[in-house]
Amino acid sequence: MILASKTGAVEGSSRELADWQQSLRLAYRTQAELLAAVGLGTENFSSAQTNFPILAPREFVNRMEYGNPNDPLLLQVLETEQESQSDIGELDPVGDMASYRGGLLLQKYAHRVLLIASGVCAIHCRYCFRRHFPYAALSRGQEGLHRALVDISSDESIQEVILSGGDPLMLPDKHLKWLVDEIDAISHVQRIRLHTRLPVVIPSRVCDALCDWLKQVRSAVYIVLHVNHANEIDLNVTRAIRLLRSQGVQLLNQAVLLRGVNDSVEAQVELCKQLINLQVIPYYLHLLDPVRNAMHFNVSLPEGLAIIDAMQRELPGYAVPNLVREVCGEKSKVRV
Ligand SMILES: *Cc1c(COP(=O)(O)O)cnc(C)c1O
Ligand code: SF4
């Protein structure tokens, strides 16, 4: 709808692209564009000049409050000079490279492996723990995938394959269907999990082609969404979530506890209420990983515990996420 009104010119030149791919092309990629879209001038902001450029699709930006420099969605995507001041923290905060198995596989935990299905995302979250991830250093493309598939099929201890990235739903459905079919054909794989922000960021990603291959998967399918604030859930996101559920997919959510974005009891309770009303189970609330250029989002452990404590008094037990932290070398994420 936005596409038709504002950008007729672009539309005509790329009719072969799916809707969500169009949305991606039209995403805001500079601070000036993004600020203009929400009615803010550039004079109070200066850019951080990091190597992680702004990327914010219009569908997501449309849910921001016009003229509010502290909007919780805006803060997730706006590059600010705080990032260069926040030059402490790690490049690989969660020890990803130590768990590299070769090909495109990481393994930290028993019985499940994480496959880097795509090195790109539909949105650039400023606090991302993989913002410095050396995707280019992995053995990529068909060769990396092939090695991963051989590795998974020769290791019977693997019960679950997690497609992550980046965002696995950045792959076109034809490619994704092929990959999921290959994994699904390995008899000891019992569950396939996708970690994605796309159904929330660009809800039209939940298209017919996606639903068609999803409902044919033999393994149990889990999709872990990433919603940090209730304002991210609009009517189109609601529709996308219902559509995913109707394919027999179990939906979970992970959020990151972020200073200025969702570090209050009210924000967390509202988020979890909206999620469970859509039958999405709040799974994890992550304490920020100590990632370089993002430490200004950090919320301390005692503050996090106090928020969870208050949530337990407001919500049914299944609506309270596990507050977790990733500690390098541990056998699971650490519940705190
Ligand atoms: C977080 C993560 C997982 C998934 O952990 P769960 O506790 O099962 O959600 C798996 N592999 C890696 C490398 C991870 O970082
Ligand atoms: S969608 Fe996930 S992987 Fe991609 S930038 Fe955001 S937090 Fe990072």
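The values are calculated or read from the model by the stated rules, or taken from the named source; none is laboratory data. Bear in mind that the values here come from a model prediction, so they are computed numbers and not experimental data. Here the Cβ is made from the backbone with ideal geometry for all residues, glycine too, and neighbour counts use every protein chain on show. SASA here: full protein model, heavy atoms, side chains in, ligands and nucleic acids out. Shrake-Rupley method; radii C 1.70, N 1.55, O 1.52, S 1.80 Å.
Annotation for LEU235 and VAL150: the two label points, set 7 Å from Cα along the Cα-Cβ direction, are 5.2 nm apart.
Taking amide H positions as modeled 1.01 Å from N, with prolines and chain starts lacking one, the residues under 5 Å from VAL291 and 5 or more places away or on another chain are GLU90.
Rounded to whole numbers, the Karplus 3J(HN,Hα) couplings from phi for the range 205-219 are 4, 7, 9, 4, 4, 5, 4, 4, 7, 4, 6, 9, 6, 6, 5 Hz, using 6.51 cos²θ - 1.76 cosθ + 1.60 with θ = phi - 60°, and x at Gly and Pro. Shown is the FRET efficiency for VAL334 and GLU266, computed with R0 = 35 Å from the Cβ-Cβ distance and rounded to the nearest 0.05: 0.85. For a modelled paramagnetic label at PHE52, 7 Å from Cα along Cα-to-Cβ, the residues of the range 251-279 in reach, with backbone nitrogen under 19 Å, are 254-263. The modelled label-to-label distance between ASN277 and HIS111, using points 7 Å beyond Cα along the C-beta direction, is 3.5 nm. May I ask you to list the residues of the range 244-285 whose amide nitrogen lies under 17 Å from a point 7 Å from Cα along the Cα→beta-carbon direction of LYS215? Only 244-251 fall inside the zone, counting backbone N under 17 Å. Remind me, relative contact order of the chain in percent, using alpha carbon pairs under 8 angstrom and six or more residues apart? Computed over the chain, the figure is 17 percent.
Straightening the chain between TYR318 and TYR66 buys 87.3 nm, computed as 0.36 nm per residue apart minus the Cα-Cα spacing.
Taking every DSSP beta bridge that has both ends in the range 199-336, the antiparallel portion is near 15%.
The share of Cα pairs per 10 Å bin across the range 39-108, counted from zero up to the longest distance, runs 15, 35, 26, 18, 5 percent. For the range 234-242, backbone phi angles converted through the Karplus equation (6.51, -1.76, 1.60; θ = phi - 60°) give residue-by-residue couplings of 10, 4, 5, 5, 4, 4, 4, 5, 4 Hz, Gly and Pro being listed as x. Take every DSSP beta bridge whose two residues both sit in the chain, then give the antiparallel share in percent to the nearest 5. So the antiparallel bridges amount to about 20 percent of the total.
Solvent-accessible surface (1.4 Å probe) assigned to SER157 amounts to roughly 50 Å². Place a point 7 Å from the Cα of CYS207 along the Cα-to-Cβ direction; which residues of the range 166-192 have their backbone N under 18 Å from it? Under cut-off, by backbone N: 167-180.
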